[in-house]
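Asker: Sharing a structure, written as structure tokens. Questions coming.
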Amino acid sequence: MAFVPAPGYQPTYNPTLPYHRPIPGSLRVGMSIYIQGVASEHMKRFFVNFEVGQGPEADVAFHFNPRFDGWDKVVLNTRHNGNWGKEEKKRSMPFSKGAAFELVFMVLAEHYKVVVNGDPFYEFGHRIPPQMVTHLHVDGDLQLQSINFIGGQ
Ligand code: 9QG
């Protein structure tokens, strides 16, 4: 498939953290978000949030949260009106401390499909309609190398 950037969009390279910026043209089904990064040597946690609006109290339609917490896992959730919903969890860790990764979020009609280093990792069913999502927020124990918003016209 051809690489079709989102309209009016320039890829972002080596952004500083927190990365908290509007999604060009807002989120749409058919869009993919392509993130290259490096997990910190001493990584405990990081998150990628798909947020509805910009403020600190913004709803989080999708919180993707890898944790090295003794029992390594990835927590997936939503936050609505300030309250976290029911956590989904996968007790496997696709990231390695100190290692580069490629993380892709495909926005499909029913769910976000998460692919890490080319391997399908999780499908998180929509709880908040993806078309309400306006901002991407990334922070925690990682370095970002690039963020690309692809397709979705
Ligand atoms: O811990 O779990 C996801 O269900 C909470 C964490 C919270 C989320 C949430 O404290 O951390 O991961 O915004 C937050 O506070 C995030 C970073 C029950």
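The values are calculated or read from the model by the stated rules, or taken from the named source; none is laboratory data. Because the structure is predicted, anything quoted here is derived from the model rather than measured. Glycine also receives a Cβ, built like all others from the backbone with ideal geometry; neighbour counts cover every protein chain displayed. Note: accessible area is taken over every heavy atom of the protein model, side chains too, but ligands, DNA and RNA are not part of it. Shrake-Rupley method; radii C 1.70, N 1.55, O 1.52, S 1.80 Å.
Asker: Do we have residue 42 as under 27 Å from residue 10 (Cα atoms) and either in a strand (DSSP E or B) or of a type outside the set (A, V, I, L, M, F, W, C) (or both) here?
Answerer: Criteria not met by residue 42.
Asker: What pairs come up if the first residue lies in the stretch 133-146 and is among the hydroxyl-bearing types (Ser, Thr, Tyr), the second is part of a loop (DSSP other than H, G, I, E, B), and their beta carbons are under 7 Å apart, counting only those six or more places apart or on different chains?
Answerer: Final answer for the pair search is 134/23; 134/26; 134/53; 146/11.
Asker: Tell me the residue from 82, 98 that is at pLDDT 95 or above, in contact with a strand residue (DSSP E or B) (Cβ under 8 Å, 6 or more places away or on another chain), open to solvent by less than 80 Å² (accessible area, probe 1.4 Å) and small (Gly, Ala, Ser), please.
Answerer: 98
Asker: If we keep just the residues of the stretch 112-153 that are part of a strand (DSSP E or B), away from the ligand (no atom under 16 Å from the Cβ) and open to solvent by 30 Å² or more (accessible area, probe 1.4 Å), which is nearest to residue 46 (Cα to Cα)?
Answerer: Selected residue: 143.
Asker: Of the conditions (1) surrounded by 15 or more Cβ atoms within 10 Å (Cβ to Cβ); (2) at positive phi, residue 43 fails just one. Which one is it?
Answerer: For residue 43, the exception is condition (2).
Asker: Here is a follow-up. Would you check if residue 28 is under 16 Å from the mean Cα position of the chain (by Cα) and either open to solvent by 80 Å² or more (accessible area, probe 1.4 Å) or acidic (Asp, Glu) (or both)?
Answerer: It is false that residue 28 is under 16 Å from the mean Cα position of the chain (by Cα) and either open to solvent by 80 Å² or more (accessible area, probe 1.4 Å) or acidic (Asp, Glu) (or both).
Asker: If you go through the stretch 59-105 one residue at a time, how many are under 21 Å from residue 148 (Cβ atoms), free of Cβ contacts under 8 Å to residues at least 60 places away in the same chain and either among the polar types (S, T, N, Q) or part of a loop (DSSP other than H, G, I, E, B) (or both)?
Answerer: Residues that pass the stated criteria total 2.
Asker: Something else about it: I need the full set of residues from the stretch 62-72 which are surrounded by fewer than 17 Cβ atoms within 10 Å (Cβ to Cβ) and under 19 Å from residue 125 (Cα atoms), in order please.
Answerer: Correct list: empty.
Asker: Among the residues of the stretch 55-65, are any within 16 Å of residue 34 (Cβ to Cβ), more than 13 Å from the ligand (Cβ to nearest atom) and aromatic (Phe, Trp, Tyr)?
Answerer: No, every residue in the stretch 55-65 fails to be within 16 Å of residue 34 (Cβ to Cβ), more than 13 Å from the ligand (Cβ to nearest atom) and aromatic (Phe, Trp, Tyr).
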